1. Can you tell me which residues in region B:94-125 are within 7 Å of another protein chain (Cβ to nearest Cβ) and touching a residue at least 24 places away in the same chain (Cβ under 8 Å)?
2. Condition (residue is surrounded by 21 or more Cβ atoms within 10 Å (Cβ to Cβ), in contact (Cβ under 8 Å) with a residue 60 or more places away in the chain, facing another protein chain (nearest Cβ under 10 Å) and within 29 Å of B:A34 (Cβ to Cβ)) applied to region B:53-72: is it met by at least one residue?
3. So, in region A:132-171, of the ones that are of a type in the set (S, T, N, Q) and assigned to a helix (DSSP H, G or I), which residue ends up most open to solvent (accessible area, probe 1.4 Å)?
4. Might you let me know whether region A:169-188 holds any residue that is more than 17 Å from the chain's Cα centre (by Cα) and within 14 Å of another protein chain (Cβ to nearest Cβ)?
5. Among (1) surrounded by 19 or more Cβ atoms within 10 Å (Cβ to Cβ); (2) farther than 23 Å from A:R52 by Cβ; (3) within 11 Å of the chain's Cα centre (by Cα), where does A:G100 come up short?
6. Can you tell me which residue is farthest from the other protein chains (Cβ to nearest Cβ) among those in region A:27-39 that are surrounded by fewer than 16 Cβ atoms within 10 Å (Cβ to Cβ) and in contact with a helix residue (DSSP H, G or I) (Cβ under 9 Å, 6 or more places away or on another chain)?
7. Where the second residue is outside any loop (DSSP other than H, G, I, E, B) and open to solvent by 50 Å² or more (accessible area, probe 1.4 Å) and the first is over 20 Å from A:F65 (Cβ atoms) and free of Cβ contacts under 8 Å to residues at least 12 places away in the same chain and lies in region A:33-46, which pairs have Cβ atoms under 8 Å and are six or more apart or on separate chains?
8. Starting from residues that are buried (at least 24 other Cβ atoms within 10 Å of the Cβ), among the aliphatic types (A, V, I, L, M) and within 10 Å of chain B (Cβ to nearest Cβ), keep the ones in region A:68-97 and report whichever is nearest to B:G107 (Cα to Cα).
Amino acid sequence: MILRAAAAVFVKDLRTEWRTRVAINALLLFAFSVLVLVGYAVGPTRLTLEDRPVVNSVLLWIVLFFSAMTGLSRSFVNEEETGTAAALRLSAPPASVFLGKLLGNLALLGVVMAVVVPLFLALMSFGIAAPGLFLAVLALGGVGIAAASTFIAAIVSKTAAKGALFAVLATPLLLPPLVAAVTGTQIAATGPESAAGLDAVRLLFAYDGLMVTASFLLFDAVWRE
Amino acid sequence: MRLVAENVSRSFGPRRVFGPLSFATEPGRVLGVAGANGSGKTTLVKVLAGLLRPSAGSVRLEDAGRPGSRIGVREAAGAIGWCAPDLSLYGELTPAENLEFFARVAGRLPTREELEERIASVGLDPRRLRSIRTRFLSTGQRQRLKLAYSVLSSPAVLLLDEPGSNLDEAGHRAVTAIVAEQRGRGSVVLATNDPAELALADERVTL
């Protein structure tokens, strides 16, 4: 029942997004602008070979983090602003609403990553020595960002200063996975999979599990008045 | 199912909007809620729907055949239908897609014929509206669609808040038909200022 309802929420959000393209346009436009700016200002040649893994890893996750801040809050904010949240509250089990919205945000972030990451690697001549580790870090980092953003979006959707509050709450909550993701990306760029790289993956996995579980447990209280 | 409100009141800050009130709905009967603008009709309906917590008292559903059974309205998904000025459906979906979505999240898999039948039951032409997004409907057409949504899950209790607003003569007949249909399976709470609609009520609560 919950999975079927979550699938309905997910499909509805995708269909609505496909017809308006508001969130995806905002995400991609922001990501592309920052990408061009970073490519122009820093570029592959202005960094020493030693600095490249560290600086490029940080820049990549900055682009992904701020892109997420731009568009992922819409999942719940839009429901409150258009007045559809009440009907959704009355009709759907809270867990299915959260799961459907989380899947929608994961899909959006997945599209952004699929566009941004290859472009970033090409623009910055950013070589990856351990692609398996890199993909694992991207996937787990993406889940962490999407889970935290979805939950925070539900909290801020009923407040007046939605955008500002979203950033204020998201920044401290997303710092731990971002640090782990930057470290993991840096290790993936410099050498083969190592214990330190796997530590970053473990940390991201633990964060994702904790974030998703806590969100499911707390969502009912956040979603209802 | 009976909807039982016991000493229910609601305040916003220091201002009490209504209450304390006690009443119960009975299957097959219509409870009218009357009152001037600002008397708290919409707030009362939201409390009955579980969309707002009461400041004091309780609202619950009781199974008429099982004395003593109690279900909080917030745990009674699908048992309560709601139509109100505050209700909005998804503007980017067509009327049928809207009804299909709300049926699916409530755990039902309606056929296309069932959805079109429900749309037709409130006087809308399902074929003409098949490819029209809800945001392009007129206010009256959207109100009729909200009526269709409110009875989608065959609720035990139907809460109607100003159901005739923005409706023409045929729309008012659709409201009467919905109320008559609901009498056959449960109860209705009808909050309105319209004397013609209040005439449908068997009992009345005045705020």
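The values are calculated or read from the model by the stated rules, or taken from the named source; none is laboratory data. Everything numeric here is computed off the predicted structure, so don't read it as measured data. Every residue, glycine among them, receives a Cβ derived from its backbone with ideal geometry; neighbour counts consider all protein chains shown. Accessible surface is based on the protein model in full, side chains and every heavy atom, while ligands, DNA and RNA are left aside. Shrake-Rupley method; radii C 1.70, N 1.55, O 1.52, S 1.80 Å.
1. The answer is B:F102, B:A106, B:G107.
2. no
3. A:T171
4. no
5. (3)
6. The residue in question is A:V36.
7. none
8. Result: A:A92.
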